[in-house]
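Chemist: First the structure, which I've put down as structure tokens, then a few questions once you've had a look.
Please treat every number below as a calculation from the coordinates, not as lab data. It should be emphasised that the depicted structure is a prediction, and the values quoted were computed from it without experimental measurement. Using ideal geometry, Cβ is built from the backbone for each residue, glycine included, and neighbour counts are taken over all protein chains shown.
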Amino acid sequence: MMIAKLTLLTRQSVVVVMSVLLLGACSSPDWQVRALPSDIAIAAALDNEPDPLLMGDVVLQDLPLMRMPEDVRPCCAFGNAQKVQVGSLSVPFFRYANTLAVDSVGPHAFEAGTFSYQKDAPNGSRGGENNGQIYTLRGGFIDLAHVRDTADNAIALFYRIFPQLGLPQSIVLPDEIGPRSIELKAFDSSGLTAAQRWELAAAISVRLAYSMAEAHEIAQWHGYRSWAPWSEAVSAYSPEDLYSNMLGAKIALALLSNNLAMNKELYNQHMTQWLAATLTWLEPVAIEQTNALFDVIDGVWWDSKQPLPSKFMLLKRHYALGDKQSPYLVPKALASSHVKWNGIAELYETDIEPHHLALSNTLHGIDIDAIAQQKLLVADKFTASFSHIPESLWRNGFTQADFYRISEYNQIQDSIELQQHIQQRANDLTELEVQP
């Protein structure tokens, strides 16, 4: 009887939660942009030999009244089928599965957060994003939540930056370890064509969106939590994160360049198609092979014996922040020595080069980092987590120019803590062995 009551209560709770999520999803504000032609564009269009560059001289009106995305998608902890611990209690008979097949990737939804229910095409079926991790032969492990979040941020930034390109502007971002904002300086844009203005605004937006992703890695390391009871330190500097984020920035740049994000529905549907095509181009493997590759690197890149959210469930971290990112591919030497080799041997039959990504800092003679910065302040509750870093680097705030150095200090601290963790585990095992 007690089990039946608990089951009923659980079902009722699920219904209530799903109702709230559906209402939240339905109430998400729509947005659309209209590109109105200038006199130059009209004159060019009516000319006997229209100039495509002049026809692109447009003004954006009815700008989207959309906030910067606040509902960050839950990222996937590196690994597969991890154990979970809440407080001091392990959750029995439960494993956190976060891998998926490429054909299971669902339609994109702008600022989806934890839930979405979007069409994959104008006349298509609805479904959730179904985020998770996929291994690709050219891009290593890809975290889909990171790809989508950065793309969304880039689109939101573009429609703030483009209308005021060349003018000073401040864009407030959601707090993480303290207040943060995008600060744009004035510069002379009078010599740019209409097409060049659009291209520059897009390049600035995706570069800043990517820097927001870098800041998130730092924030997670220093104690930021999107859900208070759950530490996110296990996800900080995860090896697949920044490559996935830059992938999202590159896709967003393509969509902006092709005018495929003029309203939310248009953006969602084209992001869905571009994401699927990009993953296919990177050569995804089957879900069974993704899981097998996670097993191959268990104990080397991650530790399945450590439950979530233990920080040192993650053993391999990527601290090399910057505008050039390379994927981590599972080495053949490591894979071939594992018992799962027969299931993944075919993946290594041909030599496939990793695909490197980069974001340009200069376009049409403009140094983007010189005119566009992300500024962050550290709130009092997080200052203790910076005690290993010189105060001159962060006390009065910092920008993306300081991210790399801060990450270097975090890497040193992680090395110290990991050695302490390993020693403590060894001591615990010794104590167990000597107990009668």
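Chemist: What's the long-distance tail for the range 253-293, i.e. % of Cα pairs beyond 17 Å?
Modeler: Details: 362 of 820 pairs.
Cα-Cα pairs of the range 253-293 separated by over 17 Å account for 44 percent.
Chemist: What length, rounded to one decimal in nm, is gained on full extension from TRP230 through to ALA276, with 0.36 nm per residue of separation minus their alpha-carbon distance? Each step should come with its number before you reach the end.
Modeler: Numbers: separation 46, 0.36 × 46 = 16.56 nm, distance 3.11 nm.
Between TRP230 and ALA276, full extension yields 13.5 nm more.
Chemist: Another question, if that's okay. With a Förster radius of 51 Å, plug the Cβ-Cβ distance of HIS364 and GLN411 into 1/(1 + (r/R0)^6) and report the FRET value to the nearest 0.05.
Modeler: Values: r = 36 Å, r/R0 = 0.70.
Efficiency, rounded to the nearest 0.05: 0.90.
Chemist: Among GLU49, GLU288, GLU346, which comes first, then next, by fewest other beta-carbon atoms within 10 Å?
Modeler: Working: GLU49 5, GLU288 13, GLU346 10.
Ranked by crowding around the Cβ, least crowded first: GLU49, GLU346, GLU288.
Chemist: State whether the range 277-361 is rounded, prolate or oblate according to the following rule on the C-alpha gyration tensor (a ≥ b ≥ c being the square roots of its eigenvalues): a/c under 1.5 gives rounded; otherwise a/b larger than b/c gives prolate, and the remaining case gives oblate. Display every interim value, and only then the final one.
Modeler: On the way: a/c = 1.98, a/b = 1.10, b/c = 1.79.
Oblate, since a/c reaches 1.5 and b/c is not below a/b.
Chemist: Here's something else I'd like to know. Quick one: which of LYS185/LYS375; LYS185/LYS324; LYS83/LYS316; LYS305/LYS332; LYS305/LYS381; LYS250/LYS324 span more than 22 angstrom between C-alpha atoms?
Modeler: Numbers: LYS185/LYS375 13 Å; LYS185/LYS324 24 Å; LYS83/LYS316 18 Å; LYS305/LYS332 24 Å; LYS305/LYS381 31 Å; LYS250/LYS324 12 Å.
Too far apart for the 22 Å limit: LYS185/LYS324; LYS305/LYS332; LYS305/LYS381.
Chemist: Can you return the aspartates and glutamates within cross-link range of LYS311? Criterion is Cα-Cα under 14 Å, with same-chain partners fewer than 8 residues away left out.
Modeler: GLU217, GLU232, ASP303, ASP414, GLU417
Chemist: Report the gain in length on full extension from ALA43 to GLU288: 0.36 nm times residue separation, minus Cα-Cα distance, nm rounded to one decimal. All intermediate terms of the calculation are to be shown ahead of the outcome.
Modeler: On the way: separation 245, 0.36 × 245 = 88.20 nm, distance 5.87 nm.
Fully extending the segment from ALA43 to GLU288 adds 82.3 nm.
Chemist: Aspartates and glutamates within cross-link reach of LYS264: Cα-Cα under 12 Å, excluding same-chain residues under 8 positions apart?
Modeler: Candidates past the 8-residue exclusion: ASP30, GLU111, ASP152.
Chemist: Which three extents, in angstrom, do the Cα atoms of the range 289-424 have along their principal axes, listed largest first?
Modeler: If we take the Cα atoms of the range 289-424, the spans are 54, 50, 19 Å.
Chemist: When TYR328, TYR243, TYR404 are ordered from fewest to most other Cβ atoms inside 10 Å of their Cβ, what list results? Don't jump to the answer; show the numbers that get you there.
Modeler: Numbers: TYR328 16, TYR243 24, TYR404 13.
Fewest-to-most Cβ neighbours within 10 Å comes out as TYR404, TYR328, TYR243.
Chemist: Follow-up. Scattering from the C-alpha atoms of the range 71-434 alone, worked out with Debye: what is log10 I(q)/I(0) at q = 0.06, 0.09, 0.12 1/Å?
Modeler: -0.23, -0.53, -0.94
Chemist: While we're on this one: Separation between the LEU260 and HIS388 pseudo-spin-labels, each 7 Å from Cα along Cα→Cβ, expressed in nm?
Modeler: Distance between the two pseudo-spin positions: 4.2 nm.
Chemist: Taking neighbour counts of Cβ atoms within 10 Å as a proxy for exposure, in what order, fewest first, do ASP152, ASP47, ASP298 appear? Each step should come with its number before you reach the end.
Modeler: Working: ASP152 27, ASP47 11, ASP298 17.
Placing the least packed residue first, the sequence is ASP47, ASP298, ASP152.
Chemist: With r as the distance between the Cβ atoms of ASN130 and ALA35 and R0 = 30 Å, compute the FRET efficiency 1/(1 + (r/R0)^6) and round to 0.05. Kindly include the intermediate steps, with their values, before the conclusion.
Modeler: Values: r = 33 Å, r/R0 = 1.11.
According to the calculation, E is roughly 0.35.
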